Every structure is written in C-alpha cells, then in structure tokens.
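See structure below.
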Amino acid sequence: MPYLSASSRAALERVLAGDREDATDALERLRDIRTLLVALEQDPVILQAVREALDGGAGWDRIAEAAGLKPAAAKWRWQGTDAEIAERHEAGRKRSARPSSVPTDLPGLSVAEAATFLGVSAQAIYLRVARGTLRSETIELPDGRSYKRVFPEEDRGNAN
C-alpha cells in the first residue's frame, strides 16, 4: 500500500511521465517538479513518519538528520499537536508577510544615523536623550513595529 497521499502520487506521476518523454517543455518540467516538492512538503505522511520515529525512540537529532534539517528546525516543523503546529506555522507566515525593512519615510534620524551625523557613539546619543539635550520620539507603526527617532538638527547647539 503506498504511503504517499493521492496529491503527492499524482505530482510524482506527472514528473515521471515527463521524465520518460523527451519532448516535455522545460518550463512544464519546472512546474511539475515544483508541484511535486510542494505536495511532498504538505503530505501528512511526513508528520506521521516523524511521530512514528519519536514513538519508536528516535530523538530530534536523528529525525533532523534524516530530514536534512537542524534539530531546532525539525522541532519547529513537527513538535506538538496538529493545532500547535498549525498555529506556529501560521504565525511564521504572518511574520514573513510583514515588511522586513525599516520604512524610509520616518521623521528624524535613527540612533545610528544620528551618531554618525554628530560623530559620536550610539551610547552617547542615548545619554544626550536621557539628559534632555537631544530630542527623541518613539514612532509606532500600525503593524506594531516601533522605532526610536532623534532630531539632532533641532538641538545642534547643545550637542557638544
């Protein structure tokens, strides 16, 4: 009895059929291979095999090695209940969908930019902010990210 799901088997058959035909278009082969990879990653047989290995006494080191991953990555993918795994993966997808770069339209300068601008260290910027000789604001974006911004141009006379 095959252990792959029907969708994984169908994707594998498309790849095998394309492998037997010399006339298969290169882009079609690429699509078929990618479809197979996605189907295999989503196939419940992987989680089932991990759980069977754990029940059989295998540790995360051996499971990770068999999967070509580091132990922490294997645990992140497969440790816990189905609901815990789904929740963790959904949170990861949400994080990856957020912009990863700092917005360029924020007012003032970052602490690092202000330190370069004034020719001092970042710690000196924080000290000047704490002493009140340099104005700063924490800007919070609608997605929850926050950035400390400083305004050295306003306080240039007090900086030294």
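Observations
- Note on residue 70: aspartates and glutamates with a C-alpha under 12 Å away, same-chain residues under 8 apart excluded, are 61.
- Calculated volume of the Cα convex hull per residue in Å³ (choose from (i) 109; (ii) 225; (iii) 163), label: (ii)
- Quotient of Cα Rg and 2.2 N^0.38 Å for the stretch 111-158, N being how many residues it contains: 1.16
- The stretch 111-158, dipole about Cα centre (Lys/Arg Cβ +1, Asp/Glu Cβ -1), debye to the nearest 20: 180 debye
- Computed packing ranks the peptides 117-123, 15-21 as 117-123, 15-21, most packed first, by mean other Cβ atoms within 10 Å.
- Overall dimensions of the stretch 6-97 by Cα: Rg and Dmax, Å: 16.3, 48
- Expected 222 nm ellipticity per residue - DSSP helices of 4 or more, -39500 (n - 2.57), all of the chain, to 500: -18000 deg cm²/dmol
- A simple spin-label model places pseudo-atoms 7 Å from Cα toward Cβ; at residue 33 and residue 90 they are separated by 3.4 nm.
- A crude spin-label estimate for the pair residue 72 and residue 21, with each label 7 Å from Cα along the Cβ direction, gives 4.6 nm.
- Burial ranking of peptide ranges 54-63, 2-11, 140-149 (average Cβ count within 10 Å, highest at the top): 2-11, 54-63, 140-149
- Take every Cα pair under 8 Å whose residues are at least 6 apart in sequence, average their separation, divide by the length of the stretch 90-152, and the relative contact order is 34 percent.
- Sequence-distant aspartates and glutamates (8 or more away, or on other chains) whose Cα lies within less than 15 Å of residue 148: 105, 113, 137, 140
Each value in this text was obtained by applying a stated rule to the coordinates, not by laboratory testing. Everything numeric in this text was worked out from a predicted model, so none of it was measured. Quick reminder, even Gly has a Cβ in these numbers, built from the backbone with ideal geometry, and neighbours come from all protein chains shown.
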